[in-house]
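Structure first, commentary second.
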């Protein structure tokens, strides 16, 4: 299992979208755009599986971290490029996915169906 822990500076994808009109219309000027950079904390990054070109990993990060940007950054470090093919959030603060109620439970709570006995 490979582990990585670090403080990184990252560019959020929204910054890329906000600058898209300039960069997509005039690719020669794209290098002139100054993208905002944010400092984020990567508490841990554990590689769980490697299958050919696909890597499964679990990452614990600070608020404001964009996992798509992190995947891009990892690809840049490795010199091969990278993107996400799937993303699953397993926790938000103290709330874990194991504690979540299925949608049918929420639907019954919001709009109970009559008994059909």
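The values are calculated or read from the model by the stated rules, or taken from the named source; none is laboratory data. Please read all numbers here as calculations on a predicted model, not as lab measurements. We place every Cβ from the backbone using ideal geometry, glycine too, and count neighbours over all the protein chains shown.
So, in the stretch 60-80, how many residues would count as being surrounded by 15 or more Cβ atoms within 10 Å (Cβ to Cβ), closer than 17 Å to residue 41 by Cβ and over 9 Å from the mean Cα position of the chain (by Cα)?
3
Would you point out which residue out of 54, 32, 28 is touching a helix residue (DSSP H, G or I) at 6+ places or on another chain (Cβ under 9 Å) and either modelled with pLDDT under 85 or surrounded by fewer than 11 Cβ atoms within 10 Å (Cβ to Cβ) (or both)?
On the way: 54 fails: touching a helix residue (DSSP H, G or I) at 6+ places or on another chain (Cβ under 9 Å); 28 fails: touching a helix residue (DSSP H, G or I) at 6+ places or on another chain (Cβ under 9 Å).
Selected residue: 32, the only one of 54, 32, 28 that is touching a helix residue (DSSP H, G or I) at 6+ places or on another chain (Cβ under 9 Å) and either modelled with pLDDT under 85 or surrounded by fewer than 11 Cβ atoms within 10 Å (Cβ to Cβ) (or both).
With respect to the numbered conditions (1) without any contact (Cβ under 8 Å) to a residue 24 or more places away in the chain; (2) surrounded by 11 or more Cβ atoms within 10 Å (Cβ to Cβ), which one is the sole condition not fulfilled by residue 87?
With respect to (1) without any contact (Cβ under 8 Å) to a residue 24 or more places away in the chain; (2) surrounded by 11 or more Cβ atoms within 10 Å (Cβ to Cβ), residue 87 is out only on (2).
Tell me which residues, restricted to the stretch 77-117, are in a helix (DSSP H, G or I) and farther than 20 Å from residue 56 by Cβ. It would help to see each step written out before you state the result.
Step one: filter the stretch 77-117 for residues in a helix (DSSP H, G or I), giving 77-78, 97-99, 103-110.
Once the filter is applied, which keeps residues that are in a helix (DSSP H, G or I) and farther than 20 Å from residue 56 by Cβ, the stretch 77-117 yields 99, 103, 104, 105, 106, 107, 108, 109, 110.
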